[in-house]
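Below: the structure, in structure tokens.
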Amino acid sequence: MATPLERWVEEQAGLAEPESIYWCDGTEEEARKIVEAGLTKEKINGHSVFHELNRSSFPGSYLHRSHPTDVARTEHLTYVCHPDKVTAGPNNNWMPPLEAKEKLSRLSKGCMRGRTMYVLPYMMGHPDSPYAKACVQLTDISYVAVSMRIMTRLGKGVVRKIGGSENFVRGFHSVGDLDPEKRFIMHFPDENFVWSIGSGYGGNALLGKKCFSLRIASWLGLKEGWLAEHMIIIGIEDPEGRITYVVAALPSACGKTNLAMLQPSIPGYKIWTVGDDIAWMNVGPDGRLWAINPETGLFGVAPGTSLKTNPNMVRTLKAGTFYPTLYTNTALDADRNEPWWEGRDGPVPENVLDWQGRRWDHLQQDSKAAHPNSRFTAAISQCPVVSREFNNPKGVPISAIIFGGRRTELIPLVYESFGWQHGVFSAARMGSETTAAAIHSIGALRRDPMAMIPFCGYNMGDYFGHWLDIGKKMKDPPGIFFINWFRRDEDGKFIWPGFGENIRILKWIINRTNRKAGARETPIGLVPRPGDIDTRGLDVPAEKLEELLEVNPGEWDRETEDAGKFFEKFGDRMPAELWEEFNKK
Ligand code: SAT
Ligand code: MN
């Protein structure tokens, strides 16, 4: 008799009408066959799905050009379909589940005609972790099939694990006809189901990532008492060899991948990468906070990545030990057949094709060869500084939680909150300038609490309450810190050098958790004095550092007022504790 999984696949195939159905086993041999289909048979916008790059300098690497309208997450077409609108909250688009399904059924009828339906069985999390989830995604494009092999633990073992159970996370994905008018990413949290049509782009199409591991998982976390967060996880090793683990949340395209594998400028320090995008966190039996990275790959922004900004990422990309590595919407150095992007090492090549495959003239002002949201997809196992705890099913114990955003003004380089409740309040009022990771105006300030505004799968008022509750479950909750690398001077130049120098700030943070570093009290929290930060060998004038650590109470009053308007949107779902903090200002 057919299992629930087999029945579900049959049912979806009945709707989508693919030419064939192919169950993936996750082997390298199979990945080669799927890539081959993308090189020859499958097309996007009239072009092959993949272009093979230089075999000797970029082994096992392929360029993928997406449809020009399909280059980033589309938040306005993303819905969270709880049975009622209040549960979705003002932070999500909502449609009643039945109406959403009718709409998507119409759009999905016959959408895979003439195509292969790939069945992708995968785990989010190490299979031995109690938090791991067995999932199955259907897709009709080789790009998504091989991306999922990099980003998740994909293999036929997952089909055995699911067996006759109904308990698996479902994802239906089709590129459809890539018409933006017929593009939707819909979530059905109570059914562990994501339905996505009309886009082949990362966060819209790799359904294990933002759709499941954040939107749906955050809802599971609320019901089961844990947290699914948009956070990197890193170990910071000090010169004595002690490793302190921290998590850090930053909005998309604000430097998470760079921070996750930073090469410290202070001798004796080392960073170990556990994750660069998503953390699932639970309170362990020891009363501490523990974090796992449910993913196995890195889906990072290419422009700006170089030996100077992120040497470990450059090494990861060239490792070629896990098949394959993908580039999406980067430019192409046509003479060398290598991927190229603004900020890559070396001189600008002579013959560049832009992200749409058109000849590019670098003298043409404001024209970018690589799309600003162009990405690489590479296995974390190729990263030279991957943590030895990466595969530990228990995860790592967290000593500090860091929140950050992209702010030209106001937010100091770093500060610490007064305690858990104040930290949750400060994270709830966070704002950040928007980036090219989603389709909307770029550089506008928006409230992005915990860097989760596009990813929280339920009413954010309840989410803040959940954060407060998690704090109450811990004997000695981790300190909550805030960072901002993006302050600019009057000429519009970044004041802080960032990248490897960020270790100085991480050092202050871990020393605060060990009560070994000083700070001064300000209305917004505890801010280091310039002398509290290790500045040996740092090339930033003293007055600039003062400026970076300044707190201007008048400007903060305006910030808090704006945050208050945002809080009001959540009505009676907004926890009283946060209003209490608000009124202390
Ligand atoms: O497109 S993704 O959502 O996967 C990346 C991001 O925007 O953070
Ligand atoms: Mn992200």
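The values are calculated or read from the model by the stated rules, or taken from the named source; none is laboratory data. Remember, it's a predicted structure, so these values are computed and weren't measured experimentally. Note that we place each Cβ from the backbone using ideal geometry, even for glycine, and neighbour counts take in every protein chain shown. These area figures cover heavy atoms from the full protein model, side chains too; ligands, DNA and RNA do not enter into them. Shrake-Rupley method; radii C 1.70, N 1.55, O 1.52, S 1.80 Å.
Taken as a whole, the structure places residue 227 among residues that are more than 30 Å from residue 108 (Cβ to Cβ) and open to solvent by less than 10 Å² (accessible area, probe 1.4 Å).
Yes or no: residue 154 among the aliphatic types (A, V, I, L, M) and surrounded by 23 or more Cβ atoms within 10 Å (Cβ to Cβ)? Quick ask: steps written out before the conclusion?
On the way: among the aliphatic types (A, V, I, L, M): yes; surrounded by 23 or more Cβ atoms within 10 Å (Cβ to Cβ): yes.
Taking the combined requirement at face value, the residue satisfies it.
All of 214, 259 fail the test of being within 12 Å of ligand 1 (Cβ to nearest atom) and buried (at least 24 other Cβ atoms within 10 Å of the Cβ), apart from 214.
For residue 207, the criteria (1) more than 16 Å from ligand 2 (Cβ to nearest atom); (2) in contact (Cβ under 8 Å) with a residue 24 or more places away in the chain hold in every case but one, which is (1).
Annotation: of all residues in the range 279-312 being without any contact (Cβ under 8 Å) to a residue 60 or more places away in the chain and not in a loop (DSSP other than H, G, I, E, B), the one that is nearest to residue 383 (Cα to Cα) is 311.
What do you reckon, is residue 201 over 21 Å from residue 14 (Cβ atoms), within 16 Å of ligand 1 (Cβ to nearest atom) and modelled with pLDDT under 95? Step through it out loud before you land on a result.
Details: over 21 Å from residue 14 (Cβ atoms): yes; within 16 Å of ligand 1 (Cβ to nearest atom): yes; modelled with pLDDT under 95: yes.
In short, yes.
Here the range 267-278 is the region considered, the condition is being within 15 Å of ligand 2 (Cβ to nearest atom) and outside any strand (DSSP E or B), and the residue that is surrounded by the fewest Cβ atoms within 10 Å (Cβ to Cβ) is 276. Of note, residue 56 satisfies the criterion of being assigned to a loop (DSSP other than H, G, I, E, B) and free of Cβ contacts under 8 Å to residues at least 24 places away in the same chain. Scanning the range 73-103 for residues that are crowded, with 21+ Cβ neighbours inside 10 Å and hydrophobic (A, V, I, L, M, F, W, C) yields 80, 81, 88. Checked against the criteria, residue 365 counts as open to solvent by 40 Å² or more (accessible area, probe 1.4 Å), in a loop (DSSP other than H, G, I, E, B) and farther than 15 Å from residue 63 by Cα. Among the residues of the range 124-183, which ones are charged (D, E, K, R) and under 14 Å from residue 9 (Cα atoms)? Listed by number, the residues that qualify are 140, 166, 170. No other residue among 393, 397, 384 is out of contact with any strand residue (DSSP E or B) (no Cβ under 7 Å at 6 or more places or on another chain) and in the same structural domain as residue 528 (by TED's automatic domain parsing) apart from 393.
Would it be correct to say that residue 173 is outside any loop (DSSP other than H, G, I, E, B), modelled with pLDDT of 95 or more, open to solvent by less than 10 Å² (accessible area, probe 1.4 Å) and touching an Asp or Glu at 6+ places or on another chain (Cβ under 8 Å)? Before the answer, list the steps.
Details: outside any loop (DSSP other than H, G, I, E, B): yes; modelled with pLDDT of 95 or more: yes; open to solvent by less than 10 Å² (accessible area, probe 1.4 Å): yes; touching an Asp or Glu at 6+ places or on another chain (Cβ under 8 Å): yes.
Considered against the rule, which asks whether it is outside any loop (DSSP other than H, G, I, E, B), modelled with pLDDT of 95 or more, open to solvent by less than 10 Å² (accessible area, probe 1.4 Å) and touching an Asp or Glu at 6+ places or on another chain (Cβ under 8 Å), residue 173 comes out as yes.
Note on the range 1-39: residues that are farther than 20 Å from residue 49 by Cβ and assigned to a helix (DSSP H, G or I) amount to 12.
Can you tell me which residue among 238, 276 is of a type in the set (Asp, Glu), at pLDDT 95 or above, in contact with a Ser or Thr (Cβ under 8 Å, 6 or more places away or on another chain) and over 21 Å from residue 514 (Cα atoms)?
On the way: 238 fails: over 21 Å from residue 514 (Cα atoms).
When all the criteria are applied, what remains is 276.
Restricting the first member to the range 476-496 and to residues that are closer than 24 Å to residue 421 by Cα, and the second to residues that are in a strand (DSSP E or B) and open to solvent by 20 Å² or more (accessible area, probe 1.4 Å), the beta-carbon pairs closer than 8 Å and six or more apart or on different chains are 478/399; 479/399; 479/416; 480/416; 481/416; 482/416.
Tally the residues that are open to solvent by 10 Å² or more (accessible area, probe 1.4 Å) and either part of a strand (DSSP E or B) or in the same structural domain as residue 253 (by TED's automatic domain parsing) (or both), restricting the search to the range 179-210. The qualifying residues number 3.
Report yes if residue 140 is of a type in the set (Asp, Glu) and open to solvent by less than 10 Å² (accessible area, probe 1.4 Å), otherwise no.
Working: of a type in the set (Asp, Glu): yes; open to solvent by less than 10 Å² (accessible area, probe 1.4 Å): yes.
When the stated conditions are applied, residue 140 passes them.
Suppose the filter is in contact with a strand residue (DSSP E or B) (Cβ under 9 Å, 6 or more places away or on another chain) and within 16 Å of ligand 2 (Cβ to nearest atom); does residue 218 pass it? Yes, satisfied. Scanning the range 385-406 for residues that are among the aromatic types (Phe, Trp, Tyr) and open to solvent by less than 10 Å² (accessible area, probe 1.4 Å) gives a single hit, 403.
Residue pairs whose Cβ atoms lie under 9 Å apart, separated by 6 or more positions or on different chains, with the first residue in the range 240-256 and more than 10 Å from ligand 1 (Cβ to nearest atom) and the second at pLDDT below 95, are 244/514. Beta carbons closer than 7 Å, at least 6 apart along the sequence or on distinct chains, pair a first residue in the range 263-275 that is farther than 11 Å from residue 237 by Cα with a second that is open to solvent by 50 Å² or more (accessible area, probe 1.4 Å) for 274/389. Among the candidates 432, 381, 441, 426, the residue that is open to solvent by less than 40 Å² (accessible area, probe 1.4 Å), of a type in the set (Ser, Thr, Tyr) and more than 17 Å from the chain's Cα centre (by Cα) is uniquely 426. Of the residues in the range 244-255, at least one is open to solvent by 10 Å² or more (accessible area, probe 1.4 Å) and under 28 Å from residue 145 (Cβ atoms).
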